DNA sequence: TCGAGATGCTTTAAGTCTAAAGGATTGTGC
DNA sequence: GCACAATCCTTTAGACTTAAAGCATCTCGA
């Protein structure tokens, strides 16, 4: 076998992995994420006249109760300025309510209104059905493997960010 | 074992899979994608003063030569209006050049300028290194498994979109 | 030929997102 | 007390993204 080829095959003998393989992995992961996001976003728009970021915001509040904007910002992994804008629009729609924290008046604490909680329940149920359908071709074993490997990947990504 | 629990365990006996498991899979996949995108986008900004969508645009041109804006739109899975704006900014920076197709004057054909090609090479090399570092905790076998499962997932997602 | 529909691109309005700068409030060291 | 830094949030400018409407061009059938 030639030592020097234009299209190197994957190194199967434990040598250093090729960067191209990582890039293929990255591309496939981002492609899957884009397919999910665009499809789910379209359905949220058509069915509930809302957006994915607003759903994520409401999901955090549904799960954790009242939160400061900073906590929401960290959970959604977005900037403070971003959650400020999202909170203003959600409040405008009457889906959340906010109040200045009594103990620290810098803090804005937000939570779902009863109407917001009701709307979120309906959205979450529909979302679960959409996602289930999108992964319907994968067996239970494949889902478990994928979940585990993505967890490994997540830790590798975080590790590289904060060594 | 009780038949009715508040926290149902995964169904290991081949019954219908639970929607919650799919949602966990979705969340983890989108989280990994977000971690990659935010980190890479930050480095593109700091190192090359550019953005991820512009890199993706240039990558398509580097790979396929001259393309119509519609072809770019389909490759990047974004709307036509989006690529119009990206192309205008890239042209402004002198990284791509465009010309009206001689055979069909509706078509705008774009390609990298020599300067654009040079810049892209440097960005691609850096990008490959960043990605390789981000996945460095995963073994070659794990990468292969993950790549294969993501391919299965991609086909399941596309299948659901166009049955 | 010529008109209707299809196709490719652009524009527009609105939402999402970031980095950077700024304002209000709190905590700390002296 | 009191300056000063840290923390929390908001504002701003700019980039990205979409859906929808609109313009230019092409194709095809009558």
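Within the stretch A:37-52, the residues that satisfy the criterion of being touching a helix residue (DSSP H, G or I) at 6+ places or on another chain (Cβ under 7 Å), within 10 Å of DNA strand C (Cβ to nearest atom) and in a helix (DSSP H, G or I) are A:37, A:41, A:44, A:52.
Within the stretch B:63-81, restricting attention to residues that are buried (at least 16 other Cβ atoms within 10 Å of the Cβ) and part of a helix (DSSP H, G or I), the residue that is farthest from DNA strand D (Cβ to nearest atom) is B:71. Looking at the structure I just gave you, is residue B:128 within 14 Å of chain A (Cβ to nearest Cβ), over 14 Å from residue B:67 (Cα atoms) and more than 8 Å from DNA strand C (Cβ to nearest atom)? Criteria met by residue B:128. Screening the stretch B:84-100 for residues that are touching a residue at least 24 places away in the same chain (Cβ under 8 Å) and within 8 Å of DNA strand D (Cβ to nearest atom) and picking the one that is nearest to residue B:53 (Cα to Cα) gives B:86.
Applying the condition of being in a loop (DSSP other than H, G, I, E, B) and under 16 Å from residue A:65 (Cβ atoms) to the stretch A:84-118 and asking which residue is farthest from DNA strand C (Cβ to nearest atom) yields A:113. Residues in the stretch A:124-163 that are part of a helix (DSSP H, G or I) and under 30 Å from residue B:136 (Cα atoms): how many? Of the residues in that region, 24 qualify. Does residue B:121 meet the test of being out of contact with any strand residue (DSSP E or B) (no Cβ under 8 Å at 6 or more places or on another chain) and in a helix (DSSP H, G or I)? It is true that residue B:121 is out of contact with any strand residue (DSSP E or B) (no Cβ under 8 Å at 6 or more places or on another chain) and in a helix (DSSP H, G or I).
Report yes if residue A:119 is crowded, with 16+ Cβ neighbours inside 10 Å and more than 17 Å from the chain's Cα centre (by Cα), otherwise no. The answer is yes for residue A:119.
No lab work stands behind these numbers, since they all come straight from the coordinates. As the structure is a prediction and not an experimental result, all values here were calculated from the model. Note that we place each Cβ from the backbone using ideal geometry, even for glycine, and neighbour counts take in every protein chain shown.
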